[in-house]
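S.K.: Here it is, the structure, as structure tokens.
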Amino acid sequence: MAVSADDLSAPLGQKSVRKRRFRLPLTGTQLAAGALAVPLLGFAGVAIFHMDPMGGEPVARVAITPPETATAAKPPAMAQVEVKHGTADTAKAADAPGQKTITIIDGSSGARQNVVVATNGAESGSPDAPAMMAGIDQKLLEQSRYGMVPIAAGGLKPVNVYAAGSDAERAKAMKTPSIAIVIGGLGVGAAKTIESITKLPPAVTLAFTPYGSDPGKLVERARAGRHEVLLQLPMEPFDYPDNDPGPQTLLSSATPEQNIDRMMWHLSRFQGYVGVGNFMGARFIATDTAMQAIAKETNKRGLALFDDGSSSRSVAPAAAEALGMPFARADVTVDAAPSSAEIDKALGRLEGLAKERGFAVGTASALPISIEKIAAWAKSLESRGIMLVPLTTAILKSKSS
């Protein structure tokens, strides 16, 4: 039997006590594995029990220094108005003070057009109210909460005061087959608006939407060129809001009071127009109660009413007839098919109608081909025994026929 050194040094008659060596309960490999497991278990717990929908997404922290003074934003005058604003990819820069960028969507083509809209004159007495335009009769204006709007006063009406053409021209037109052409959708694009003003003869009536950074200046230029002017009221189409005419659209579902208030916003954008017409609005113009309220307000203010003829279900003719107010409805959309041949055919139909009943009314948009064809056609119209007249002259002829 082997004897250890401890056995030899132990007292006689006593067994030696064997010393125990201290041993770790885990091996080095097990300790290393445990050290790695602890943070992994912690991460798993956070991931499971901490509900962060943006977990794992990169985060950027930016220090924002608040301005020294901040003023409360004034709510829009018509908070219930649905406005389709420009999307992030189209809004490249912040809007300038007093302006707002909106996107108008064409329901038929899906095309989007960014439009800068003046937000001036939100309240009566606002320092940003539209500047007074030249050649406006102050007696034919009254203050609204959005700015100055037209009104009939003392036997005078805007439809008569701002009518284009002379008494001699109107007298001649009463005896001659006549055609009125209305070019709509102006004021949004300055280039196409100026082209319409300068290239078309003065007898062509120009219809402006209330949008644009400064529609008043373009309207002044049109009136200086002796064009008669209409204001187009954005009205609800059947596919609204996918097809959105713009801010303060008149809605068939709104009350008459709400629509009149929205109408006041449009009427205050500029002055000098003889009447109002629809901008889109197939649903609205076919809604009897809604259209009657607008026709009544239009007549009260001494303005004419124009229906662009785009809706076969329009109740505007009946509403205007009941009030005995100045009214016209387009017979032909000249550029419904915007090709040279089709425009020529449409203009030919207008000539035939004018010779048949004494007058006809056509409407068109400011497409380059439309402007070019109408300008060329108008030059030889008189040689065929037909006069080109402003819309108000055609309205006078319709009442006398």
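S.K.: Looking only at region 292-306, filter to residues that are out of contact with any Phe, Trp or Tyr (no Cβ under 7 Å at 6 or more places or on another chain) and of a type in the set (A, V, I, L, M); which one of those is surrounded by the fewest Cβ atoms within 10 Å (Cβ to Cβ)?
M.R.: This residue is A293.
S.K.: Return only the number of the condition from (1) part of a helix (DSSP H, G or I); (2) open to solvent by less than 40 Å² (accessible area, probe 1.4 Å) that V361 does not satisfy.
M.R.: Checking V361 against (1) part of a helix (DSSP H, G or I); (2) open to solvent by less than 40 Å² (accessible area, probe 1.4 Å), the one that fails is (1).
S.K.: Okay, next question. Please count how many residues of region 365-394 are open to solvent by less than 10 Å² (accessible area, probe 1.4 Å) and not in a loop (DSSP other than H, G, I, E, B).
M.R.: 6
S.K.: Just checking, does region 335-354 include any residue being in contact with a helix residue (DSSP H, G or I) (Cβ under 8 Å, 6 or more places away or on another chain), of a type in the set (D, E) and crowded, with 20+ Cβ neighbours inside 10 Å?
M.R.: Yes: region 335-354 contains one or more residues that are in contact with a helix residue (DSSP H, G or I) (Cβ under 8 Å, 6 or more places away or on another chain), of a type in the set (D, E) and crowded, with 20+ Cβ neighbours inside 10 Å.
S.K.: Here's a follow-up. Which members of region 267-309 meet the condition of being in a loop (DSSP other than H, G, I, E, B), within 21 Å of the chain's Cα centre (by Cα) and under 14 Å from L230 (Cα atoms)?
M.R.: S268, R269, F270, Q271, Y273, D308
S.K.: Now, a different point. Identify the residue in region 215-265 that is buried (at least 21 other Cβ atoms within 10 Å of the Cβ) and charged (D, E, K, R) and, among all such residues, is farthest from A282 (Cα to Cα).
M.R.: Residue satisfying both the conditions and the ranking: R223.
S.K.: Where residues in region 230-249 are among the aliphatic types (A, V, I, L, M) and free of Cβ contacts under 8 Å to residues at least 60 places away in the same chain, which of them is nearest to V204 (Cα to Cα)?
M.R.: Here the answer is L231.
S.K.: Tally the residues that are open to solvent by 50 Å² or more (accessible area, probe 1.4 Å) and not in a helix (DSSP H, G or I), restricting the search to region 310-334. Spell out how you get there, then give the answer.
M.R.: From region 310-334, those open to solvent by 50 Å² or more (accessible area, probe 1.4 Å) are 310, 312-313, 318, 321-324, 329, 331, 333; that's our starting set.
Filter again for not in a helix (DSSP H, G or I), leaving 310, 312-313, 324, 329, 331, 333.
Going through region 310-334 one residue at a time, the tally reaches 7.
S.K.: Considering only residues that are surrounded by 24 or more Cβ atoms within 10 Å (Cβ to Cβ) and touching a residue at least 60 places away in the same chain (Cβ under 8 Å), look in region 269-291 and name the one that is nearest to K217 (Cα to Cα).
M.R.: Restricting to residues being surrounded by 24 or more Cβ atoms within 10 Å (Cβ to Cβ) and touching a residue at least 60 places away in the same chain (Cβ under 8 Å), the top hit is F270.
S.K.: Please enumerate the residues belonging to region 201-228 that are of a type in the set (A, V, I, L, M, F, W, C) and over 20 Å from the mean Cα position of the chain (by Cα).
M.R.: Answer for region 201-228, where residues must be of a type in the set (A, V, I, L, M, F, W, C) and over 20 Å from the mean Cα position of the chain (by Cα): A203, V204, A222, A224.
S.K.: Can you tell me which condition S252 does not meet? The list is (1) under 18 Å from the mean Cα position of the chain (by Cα); (2) assigned to a loop (DSSP other than H, G, I, E, B); (3) touching a residue at least 40 places away in the same chain (Cβ under 8 Å), and all the others hold.
M.R.: Exception for S252: condition (3).
S.K.: Continuing with this model, one more query. Considering only region 124-237, give the strands (runs of 3 or more DSSP E) lying wholly within it that have at least 1 residues that are among the hydroxyl-bearing types (S, T, Y).
M.R.: Qualifying strands (runs of 3 or more DSSP E): 141-144, 178-186, 205-208.
S.K.: Still on this structure: Across region 299-336, what is the number of residues that are of a type in the set (K, R) and touching a Gly at 6+ places or on another chain (Cβ under 9 Å)?
M.R.: 1
S.K.: Please work out which one of (1) modelled with pLDDT of 95 or more; (2) closer than 28 Å to K300 by Cβ; (3) surrounded by 24 or more Cβ atoms within 10 Å (Cβ to Cβ) is the condition G212 fails and give its number.
M.R.: The one condition G212 does not meet is (1).
S.K.: Determine, yes or no, whether R384 is basic (K, R) and touching a Ser or Thr at 6+ places or on another chain (Cβ under 9 Å).
M.R.: Spelling it out, it is not the case that R384 is basic (K, R) and touching a Ser or Thr at 6+ places or on another chain (Cβ under 9 Å).
S.K.: Could you run through region 142-174 and say how many residues are surrounded by 19 or more Cβ atoms within 10 Å (Cβ to Cβ) and farther than 21 Å from L391 by Cβ?
M.R.: 3
The values are calculated or read from the model by the stated rules, or taken from the named source; none is laboratory data. Just so you know, these numbers come straight off a predicted model, no measurement behind them. Here the Cβ is made from the backbone with ideal geometry for all residues, glycine too, and neighbour counts use every protein chain on show. Side chains included, ligands, DNA and RNA excluded: accessible areas come from the protein's heavy atoms. Shrake-Rupley method; radii C 1.70, N 1.55, O 1.52, S 1.80 Å.
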